[in-house]
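Everything below concerns the one structure shown next.
The values are calculated or read from the model by the stated rules, or taken from the named source; none is laboratory data. Just so it is clear, the structure is predicted and the values come from calculations on it, not from any experiment. Backbone-built Cβ (ideal geometry, glycine too); neighbour counts: all protein chains shown. Remember, those area values only see protein heavy atoms, side chains included, never the ligands or the DNA or RNA. Shrake-Rupley method; radii C 1.70, N 1.55, O 1.52, S 1.80 Å.
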Amino acid sequence: EGTTLTVQAGAELTFANTATVVIEGTLIVEDAIENSDGTDAGKGIINQLGGTVTVYGTAQIAGTYTTEAGKFVAEQDSVVTVEAAGSLVSGNIVVKDSANFKVEGVVADNATSTIYNYGVVVFDSQKASKNVEVKMMADGATVIVTNFTVASKDTALTITDAGMLVAEKDKTQYIIGATIDNEQFGAENKVVLQPTSTTDIENKNVTISG
């Protein structure tokens, strides 16, 4: 608690597939820099091969964070920022109640990123991402879309409440979209933000603004 873990430009850190990492202070992943001798140091890199990385404090990601498996968790009251130069790509990002997860950079490249949101997720990025799905997991969860940028008409930001636990009674969990007594419980609410152009926009970034 109160300490800072910095992955400097040019450095690479790997979390093994059984790793349990808890950040109670600050995690910093640096952007690329030019050294005083004129040589370049590439972005700081974190490779998460599995396990769980949990941020209780703050995370500032200006480098590259890639999760091949496992879970990235922004715990209650934490603040995680994927900065304009940074990327955080994961199929399992969990944003807990009262956490703030802000995307100014990239959250999906060749694979879809999935965010399970109990808190606040903010998109304000001019950097092109691939498909992103935000699952609204609790009443009061919030998504703010200021700017979401894509480089393909087939790319979308999808926000859905399928999977939200609405109530629990007599050990039965009432989850939107679940089958209860052979019937589907609840109707899914979904918002899809996607370019409507019928022409190819490859290599032409398009920003959807809210």
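With respect to Ala187, determine if the residue is among the small types (Gly, Ala, Ser), in a loop (DSSP other than H, G, I, E, B), open to solvent by 50 Å² or more (accessible area, probe 1.4 Å) and closer than 23 Å to Thr66 by Cα.
So Ala187 fails the test.
Hey, among the residues in segment 17-40 that are over 20 Å from the mean Cα position of the chain (by Cα) and aliphatic (A, V, I, L, M), which one's modelled with the highest pLDDT?
Across segment 17-40, the extreme among qualifying residues is Ala32.
Which residues, taken from segment 5-24, are hydroxyl-bearing (Ser, Thr, Tyr), assigned to a strand (DSSP E or B) and over 16 Å from Ile45 (Cα atoms)?
Correct list: Thr20 only.
Looking at Asp37 and the list (1) part of a loop (DSSP other than H, G, I, E, B); (2) in contact with a Lys or Arg (Cβ under 8 Å, 6 or more places away or on another chain), which single condition is not satisfied?
Failed condition: (2).
If the Cβ limit is 8 Å and pairs must be 6+ apart or interchain, which residue in segment 167-195 that is aromatic (Phe, Trp, Tyr) pairs with which residue that is open to solvent by less than 90 Å² (accessible area, probe 1.4 Å) and part of a strand (DSSP E or B)?
These pairs meet every condition: Tyr174/Leu165; Tyr174/Val166; Tyr174/Ala167; Tyr174/Ile180; Phe185/Val166; Phe185/Tyr174; Phe185/Ile175.
Need a quick list: strands (runs of 3 or more DSSP E) entirely within segment 41-158 having at least 3 residues that are more than 11 Å from the chain's Cα centre (by Cα), among the small types (Gly, Ala, Ser) and modelled with pLDDT of 90 or more.
none
I need a count of the residues in segment 114-146 that are under 20 Å from Ser209 (Cα atoms) and among the hydroxyl-bearing types (Ser, Thr, Tyr).
Of the residues in segment 114-146, 4 are under 20 Å from Ser209 (Cα atoms) and among the hydroxyl-bearing types (Ser, Thr, Tyr).
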